[in-house]
1. In the stretch 72-91, how many are in contact with a Gly (Cβ under 7 Å, 6 or more places away or on another chain) and more than 19 Å from Gly220 (Cα to Cα)?
2. Just give me the residues in the stretch 30-56 being at pLDDT 85 or above and out of contact with any Gly (no Cβ under 6 Å at 6 or more places or on another chain), in sequence order.
3. Which of the strands (runs of 3 or more DSSP E) found entirely inside the stretch 54-120 contain at least 3 residues meeting this: open to solvent by less than 20 Å² (accessible area, probe 1.4 Å) and under 18 Å from Gly177 (Cβ atoms)?
4. List the number of the failed condition for Gly134; all other conditions in (1) modelled with pLDDT under 95; (2) assigned to a strand (DSSP E or B); (3) open to solvent by less than 40 Å² (accessible area, probe 1.4 Å) hold.
5. List pairs: first residue in the stretch 158-171 and closer than 17 Å to Ala103 by Cα, second residue assigned to a loop (DSSP other than H, G, I, E, B) and open to solvent by less than 80 Å² (accessible area, probe 1.4 Å) anywhere in the structure, Cβ distance under 7 angstrom, at least six positions apart or on different chains.
Amino acid sequence: MRKLNLVAACLLGAASLYAQESNMPVTLGFKIGVPVTDMFSASNTTQLGNTTPGSYTSAVPRYEFGVSGEFRLPMHLRFEVDGLFKRGGFDSALPFGSTGSVAYRPTTFNNWEIPGLFKYNVSLGHFRPFVDFGASLRHISTITQTTYAAGFSSAQISDNAIELHNRNTFGGVAGFGFTFKRGPFELTPEARYTRWANQSFVGSLGSLRTNLDQGDVLLGINF
């Protein structure tokens, strides 16, 4: 988490310094949004609330939020750097030990993303439609996996997960939206698609896989 925050601070600081030296405006703000795709997919994943031995369950995260910095470039271009957070998790019911019993393991974690995007704007009166593209870094932190199984008098809590495959991964990002003025604020509704290069979590025999395709609907509020 500290490394991710340092990367975000360095990117924003470097871009801000460049913008100041070039006399280019800098716009800072917040991002809030809703993921529209599940974090996980698998051929034998059951619906949440119907966990059976040998299965995984997961749900679409309910929200995401973060900070944003946008720097104006020549030729109707802008460069945006975001720092986004969402909470993720999954449950498993898997065979445990040699007795054939089942261990139930709820797992939660923090999902951090830092996308850097080039935006091409078109001015249409009060509205500025745009398309954007770039790359993103994802980091998984603060993992908590709790094991409930026969033979344990209390739950066993771990700061890791047996399914963890990659804490860090990169991906390509593309999106579209528009910007308009509302009082002292600029509002930017946007739809984004991210394609990740590899999976953050992988279950036994491929029973849990991180979804490499990610969709998000975001609202930027800039000052």
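1. Result for the stretch 72-91: 0.
2. Of everything in the stretch 30-56, those that are at pLDDT 85 or above and out of contact with any Gly (no Cβ under 6 Å at 6 or more places or on another chain) turn out to be Phe30, Ile32, Gly33, Val34, Pro35, Asp38, Phe40.
3. Where strands (runs of 3 or more DSSP E) fall fully within the stretch 54-120 and carry at least 3 residues being open to solvent by less than 20 Å² (accessible area, probe 1.4 Å) and under 18 Å from Gly177 (Cβ atoms), they are 64-72, 77-96.
4. (1)
5. From the stretch 158-171, the pairs are Glu163/Gly203; Glu163/Leu208.
The values are calculated or read from the model by the stated rules, or taken from the named source; none is laboratory data. Since the structure is predicted, the reported quantities are computational estimates derived from the model, not experimental observations. Reconstructed Cβ throughout: ideal geometry from the backbone, glycine too, with neighbour counts over all protein chains shown. Quick note on the areas: whole protein, heavy atoms, side chains included, nothing else; ligands and nucleic acids left out. Shrake-Rupley method; radii C 1.70, N 1.55, O 1.52, S 1.80 Å.
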